[in-house]
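The values are calculated or read from the model by the stated rules, or taken from the named source; none is laboratory data. Since the model is a prediction, treat every value here as computed from it, not as a measurement. Please note: Cβ atoms are built from the backbone with ideal geometry, for glycine as well, and neighbour counts cover all protein chains shown.
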Amino acid sequence: MRRASLYLTPGEAKKGCKKKLKLPGQKSPKIVDIQAGTQNRDKLSVTVLLENENGQPSLEHVQITVYIRRGWALPRHLNVALFLFPLAFLTIVAFGSLLTCSPGLEIAEIIYKIEPYFMFGSGLVISLLMWIIPSPPNRKSRTSYLMSAVVVFLFILGGFAVYVKDVYTYIPKVLLGQEPLLLVAPKFQDAGFHISDANYVFNESAKAKIGDGKEPFSYFFKVYKVTPPAGTFVCSNIDVELHITWDDTPKSVSFPQADIIQLAEKDIYSEVKADFIYSYNANKLTLFPGIAAAKMSIDGFGEFLLHKTSLGSIPVEASLINFDTGIVVDTQTVDLGYEITFNDIPDGTYYYVVTCDGYLAAIPDSPFKLERNLSLEEDVLSWSVDLEKEEALLSPAFCIRTQDADGHPIRNSEFYIRAVDADNPSPSSIVFSCQPLHSDDNGYLTFWYNTNNQDFYGLADFRLFDNCNLEVKLGEEGDFLPVRIDGELGICTIRKVA
């Protein structure tokens, strides 16, 4: 007796139907009557006319086992499509991402992000399929095709995820204008990028210092621009350019005073390599502590503070500390607004800590070496220190547009900007820090620089501390005029333009 299987939908089993039965060795299918009310796994015995091995017709008994499949089971050709279409899609994505074009690169980025969760998710999906879908009686059932397609697709997707994770990455984050090349280059190497001398683009000021014999990996060669920009999802074998400038002006870094007391100097400067700390020919240091009044962020160059210094009886304490030993060399206390000078400092590596009640402590962004050579011209070290109020509130960011009395932009001109008290602008008892900026073709204040005879403009954004405002003047001879802030735009009107 021959045995065979038939698959019915619940409706066919309930109402009855005629089904085609295909048997091995038979040229044409046989029609079988299915009675209404047939149940799952019922065994039907039918007699059909079959062809024997000699091609002669003969009546034979066939036992048919009936399986009632779920109503949502897909037809076989759709199961094949379920496998082929995703496979073709992933192939297109792979080639698209290799060419670093959209949308392939965008989809590769999505896969890059989900890769850590993929193995867990795919295992969960396969387990659910195995539990929900009943085991088929033979490997050619529609259910088998469905499960095979899903499992194969997940394995292909998993392989592609591993490939993407190995080949692609993000451009590392960089504090532009603040982090030196000696710290930035290892970040890119750790991310899988090949960084060589060809990746470094030095501007004119940096080239001049290299010509003077400065080591390119000394601390004051700062990265001010990364191409492609930091945070971009790219293939790790592309060429990345690090644009480098020379900036030996120390910047103050703010910490809560409690943290300064708890942290040792080696922890504060854990990423600074002692071999590359910049050396000054000096044994004298003068600090000018002031109150931070505004933050200026320049596109491509980082963040800077503008300060004002109120003359008054607010005590400020400054300590000069030996970086190698941690010993406090000297401590001085003055009223806010007066300079602090350390004289006759022995050769060595130092940093300072400036504290004031109600303000965050300030330290330099790097230790510095003092090595006095009497046969050479002495370096004059006069550094401003910006003190930020504890829990200070900052205004939303805005840019500044300069215009004449008729509202026309003042283009390609040099400006100076300073921060003042909002309720008492320009008093004679205030000493300001003035920053030179340049207006672009639309009159917006930018940081301008020229490289290889090409002009570049880094747009400046500003945020104000409590009760502070900004003033701008055109050129060195003009008067400072107030900036009127309207949402994300500050406007300064210069009524007399030369």
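Couple of notes before you dig in:
- Whichever residue in the range 194-229 is polar (S, T, N, Q) and assigned to a loop (DSSP other than H, G, I, E, B) and, among such residues, is modelled with the lowest pLDDT: Ser218
- Among (1) under 14 Å from Leu181 (Cβ atoms); (2) modelled with pLDDT of 85 or more; (3) not acidic (Asp, Glu) - the single one Asn281 does not satisfy: (1)
- Filtering Asp335, Asp344, Asp275, Asp267 for residues that are out of contact with any Gly (no Cβ under 8 Å at 6 or more places or on another chain), farther than 30 Å from Asp461 by Cβ and at pLDDT 80 or above leaves a single hit, Asp344.
- Evaluation of Val431 against (1) modelled with pLDDT of 60 or more; (2) in a strand (DSSP E or B); (3) farther than 14 Å from Cys492 by Cα (one fails), failing number: (1)
- When the residues of the range 19-68 are filtered to those that are under 60 Å from the mean Cα position of the chain (by Cα) and surrounded by fewer than 15 Cβ atoms within 10 Å (Cβ to Cβ), the one that is nearest to Thr9 (Cα to Cα) is Asn40.
- Which numbered condition Phe188 fails, given (1) outside any loop (DSSP other than H, G, I, E, B); (2) farther than 23 Å from Ala108 by Cα; (3) touching a Pro at 6+ places or on another chain (Cβ under 7 Å): (2)
- Counted residues, the range 370-409 - those being closer than 24 Å to Tyr457 by Cα and acidic (Asp, Glu): 1
- Within the range 322-346, the set of residues being among the charged types (D, E, K, R), part of a strand (DSSP E or B) and within 16 Å of Ala282 (Cβ to Cβ) comprises just one member, Asp330.
- Residue selected from the range 178-193 under the condition of a type outside the set (Gly, Ala, Ser) and at pLDDT 85 or above, by the criterion farthest from Cys235 (Cα to Cα): Leu181
- Verdict on Val174 being modelled with pLDDT of 75 or more and within 30 Å of Trp246 (Cβ to Cβ): yes
- Contact map, the range 269-282: residues that are more than 14 Å from Tyr350 (Cα to Cα) paired with residues that are modelled with pLDDT of 65 or more, Cβ distance under 6 Å, separation 6+ or inter-chain. Pairs shown: Glu271/Leu183.
- For Gly11, the criteria (1) under 60 Å from the mean Cα position of the chain (by Cα); (2) surrounded by 13 or more Cβ atoms within 10 Å (Cβ to Cβ); (3) not charged (D, E, K, R) hold in every case but one, which is (2).
- Among (1) under 19 Å from Ala282 (Cβ atoms); (2) loosely packed, with under 13 Cβ neighbours inside 10 Å; (3) under 35 Å from the mean Cα position of the chain (by Cα) - the single one Ser375 does not satisfy: (3)
- Pairs meeting the criteria (first residue in the range 16-40 and in contact (Cβ under 8 Å) with a residue 12 or more places away in the chain, second residue of a type in the set (A, V, I, L, M, F, W, C) and assigned to a loop (DSSP other than H, G, I, E, B), beta carbons under 6 Å, at least 6 apart or on different chains) are Gly16/Ala36.
- Counting only residues that are touching a strand residue (DSSP E or B) at 6+ places or on another chain (Cβ under 8 Å) and within 17 Å of Asp347 (Cα to Cα), the range 316-336 holds 10 of them.
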